[in-house]
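A quick write-up on the structure given underneath.
Bear in mind that the values in this text are calculations on the coordinates, not laboratory data. Remember, it's a predicted structure, so these values are computed and weren't measured experimentally. Cβ coordinates were reconstructed from backbone atoms using ideal geometry, including for glycine residues, and neighbour counts include every protein chain displayed.
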Amino acid sequence: MALSSTIRTFSIALSDVDRGIYDTLELKVAQHPSESAPYLITRVLAYALEYAEGVAFSAGLASTDQPPVWQRDLTGRLEAWIDVGTPSAPRLHKASKAADRVAVYCHKRPAPWLRTLAGATVYNAAEIALFAIEPATALRIADTLSRRVTWQLTRTEGTVYLDTDSESFTFTLERLTWPVDA
């Protein structure tokens, strides 16, 4: 018998001072049995930090042809492909051709992944926004997970302040540079 997804409810008070976005997000997020807690946390953070009209969770893990988070305009055109983890160069190439903007939020050590991208042919590679959250921070945030999660999430001057039900975190998303051949 297959394991079922765990439904988690996130209530996020978002204050993105850097982008001038202030909103309350009420999200029901399905955590697939194969999805790690740090991946889920990074997926929800990516959603919140990229929040704009048209941002939504896609079929995600159920469909390898879609990013975990995307942004579509009112006509359905894909505006942003927001990936999580360490996507392959061919996946990023496809994403960059499909969407106006591509962003990746990495919750693992980025150096090994960046080495795999070095020298790869990826459409508009220099335009892809690459961010890394410190793996230890992602793990610590994941440790606070419950079925009902309340966050106060603030980003100002590049620093992220996250207050959970039980703990407070302050971290900076590291902006990564697309690797070039050595």
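Points to keep in mind about this one:
- Take every pair of alpha-carbon atoms less than 8 Å apart whose residues are at least six positions apart; their mean separation over the length of the stretch 100-182 yields a relative contact order of 34 percent.
- Evaluated with a Cβ-only charge set (Lys, Arg +1; Asp, Glu -1), the stretch 1-67 carries a dipole of roughly 260 debye about its Cα centre, given to the nearest 20.
- From least to most packed, judged by other beta carbons within 10 angstrom and beginning with the fewest, ARG155, ARG140, ARG147 follow the order ARG147, ARG140, ARG155.
- Dipole moment magnitude, nearest 20 debye, the chain about Cα centre, only Lys, Arg, Asp, Glu C-beta charged: 520
- DSSP assigns beta bridges within the stretch 6-176; of those with both partners inside it, close to 65 percent run antiparallel.
- Of the residues LYS28, LYS97, LYS108, the one with the fewest other Cβ atoms within 10 Å heads the list, and the complete ranking is LYS28, LYS97, LYS108.
- Listed candidates [x] 54, 42, 27; [y] 44, 42, 35; [z] 65, 38, 27 - label of the one calculated as Cα extents along the principal axes in Å: [y]
- Ordering of 50-57, 34-41, 68-75 by burial proxy (mean other Cβ atoms within 10 Å per residue, highest first): 34-41, 68-75, 50-57
- Projecting the Cα atoms of HIS93, VAL160, LEU139 onto the charge dipole of the chain, computed from C-beta unit charges around the Cα centre, puts HIS93 farthest toward the positive end.
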